[in-house]
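The values are calculated or read from the model by the stated rules, or taken from the named source; none is laboratory data. No experiment lies behind these values; they were computed from the predicted model shown. Glycine also receives a Cβ, built like all others from the backbone with ideal geometry; neighbour counts cover every protein chain displayed.
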Amino acid sequence: MTFLQRILIIGAGAFILVLTFELIRRRKLNEEYSLLWLGTGIVLLLFALFPSILYYISGLLHLHYLTTMLLANFLFLTSIVLHFSVIISQHTNRETELTQRLAILEWKLNTLERKKACTELEDGE
Amino acid sequence: MAAKNDVLIIVPAYNEAQSIAYVLTELQKKVSGADIVVIDDGSTDNTSSIARAVGGVQVIVLPYNLGIGGAVQTGYKFAKEGDYSIAVQVDGDGQHPAGQVEKLVAAIRRNEADVVIGSRYLVGNDEEKDFFRRLAKNLLSIAISFFIKQRITDSSSGLRAVNKKVIYSLAHSYPRDYPEPESIVLLAREGFRIKEVPVRMQERFAGKSSINRLKGIYYLVKVMLCIFVDMFKDPLQLVDAG
């Protein structure tokens with residue numbers, strides 16, 4: 001790994017860490033979704049600071065070429081996106097459930113209010 | 001609320017201001033001993049106020065458009081909460097003749113099946129005129145029949161009656177994307193008995209079919225895919241069903 005490469009990767013890792021931290025601080029990102037990004041930033045930093053870790057892992061997985069490393073990267077990003085699709089689906093289901101309950105509760109409230117208005121009218125007579 | 005019956009008619013309606021009053025008065029005229037609930041699926045017209053004006057009908061308004069699946073499921077949740085023994089689904093666009101509802105309810109009462117679907121193709125004289133739509137519907141019905149090992153002729157029919165066990169199941173989980181064909185597969189996988197009875201459908205009173213011809217093939221492929229996946233879903237295990 002050349003010096004420039006290491007600087008670039010350190011920059012990328014630091015950027016991800018700072019950005020994630022800042023988003024949590026501004027309450028725009030929940031902690032539960034931030035761990036993944038903090039982890040990614042830390043791993044990048046580790047790779048750049050101690051390239052031997054990266055060489056050891058790539059040797060272990062027999063990934064010696066840039067293209068296969070790219071593929072691994074692609075798989076990593078794909079799995080993140082898939083993970084988010086699962087979360088989105090979960091939220092859609094919850095939203096539907098809440099909407100339906102809200103509508104039924106609203107109906108109940110209206111019915112009760114009408115009943116109450118009717119009894120008040122009768123009492124007044 | 002009026003005196004409560006044990007049958008609930010669920011009428012999902014999305015922008016059906018032109019037809020909803022006709023549908024509701026027809027139902028009130030031709031079906032006795034049933035409560036009616038309209039699920040206004042976030043209509044942008046005055047569907048809900050027209051429905052309320054008809055009188056004797058409960059109207060539930062969804063805050064935004066959930067789609068037919070979410071709307072119908074709201075009806076099943078309402079049926080479960082109200083402890084109804086039978087729920088009937090009738091479209092708000094006027095294509096389901098109110099006179100056929102009692103036939104479906106009777107079949108459930110005689111315990112002929114857990115789910116009774118009104119099929120326009122069992123009669124024979126009500127063929128779809130458009131070739132592509134006929135082909136699509138035939139293919140779909142053949143696929144579903146093959147999957148659930150039972151002949152289904154009208155898988156996209158939204159006119160159906162179900163008993164209490166099925167109300168519980170559907171209130172808990174109802175397919176979102178293509179609810180009519182998908183629910184047949186899912187309910188069959190849960191072991192419910194499904195039966196089709198012949199009904200005569202009417203020309204759509206107003207509005208257009210939600211499935212237009214150009215999108216037909218795309219629709220077919222997606223439904224097939226959904227149904228294929230449905231075949232591998234674990235059937236629901238509900239213990240609290242009545």
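Suppose we filter B:195, B:165 for residues that are among the basic types (Lys, Arg) and under 25 Å from residue A:98 (Cα atoms); which single one remains?
On the way: B:195 fails: under 25 Å from residue A:98 (Cα atoms).
Just one listed residue meets the conditions, B:165.
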If I filter segment B:80-90 for residues that are within 14 Å of chain A (Cβ to nearest Cβ) and in a helix (DSSP H, G or I), do I get at least one hit? yes
For the structure I just gave you, tell me whether residue A:90 is exposed (fewer than 11 other Cβ atoms within 10 Å of the Cβ), of a type outside the set (Ser, Thr, Tyr) and within 14 Å of another protein chain (Cβ to nearest Cβ). yes
Condition check for residue B:72: on the phi < 0 side of the Ramachandran plot and within 13 Å of chain A (Cβ to nearest Cβ): yes
If residue B:116 satisfies all but one of (1) part of a helix (DSSP H, G or I); (2) β-branched (Val, Ile, Thr); (3) modelled with pLDDT of 95 or more, what's the number of the condition it fails? (1)
Of the residues in segment B:25-53, those that are within 17 Å of residue B:96 (Cβ to Cβ), more than 10 Å from chain A (Cβ to nearest Cβ), of a type in the set (Val, Ile, Thr) and not in a loop (DSSP other than H, G, I, E, B) number 4
Before we move on, is residue B:25 surrounded by 24 or more Cβ atoms within 10 Å (Cβ to Cβ), under 24 Å from residue A:114 (Cα atoms) and not aromatic (Phe, Trp, Tyr)? no
When you scan segment A:64-76, do you find a residue that is exposed (fewer than 12 other Cβ atoms within 10 Å of the Cβ), out of contact with any Phe, Trp or Tyr (no Cβ under 7 Å at 6 or more places or on another chain) and within 14 Å of chain B (Cβ to nearest Cβ), even just one? no
Check B:123, B:105, B:116 and return the single one that is more than 13 Å from the chain's Cα centre (by Cα), over 18 Å from residue B:23 (Cβ atoms) and of a type in the set (Val, Ile, Thr). B:123
Could you pull out the residue among B:5, B:65 that is away from every other protein chain (no Cβ under 13 Å) and not in a strand (DSSP E or B)? B:5
Please list, ordered by first then second residue, the pairs with beta carbon atoms under 7 Å, 6 or more apart or interchain, first in segment B:10-30 and touching a residue at least 40 places away in the same chain (Cβ under 8 Å), second surrounded by fewer than 17 Cβ atoms within 10 Å (Cβ to Cβ) and assigned to a helix (DSSP H, G or I). B:30/B:99
Between B:86, B:68, B:50, which is of a type in the set (A, V, I, L, M), surrounded by fewer than 24 Cβ atoms within 10 Å (Cβ to Cβ) and closer than 15 Å to residue B:169 by Cβ? B:86
Quick check on this structure: which one of B:70, B:99 is more than 21 Å from residue B:184 (Cα to Cα) and either hydrophobic (A, V, I, L, M, F, W, C) or not in a loop (DSSP other than H, G, I, E, B) (or both)? B:99
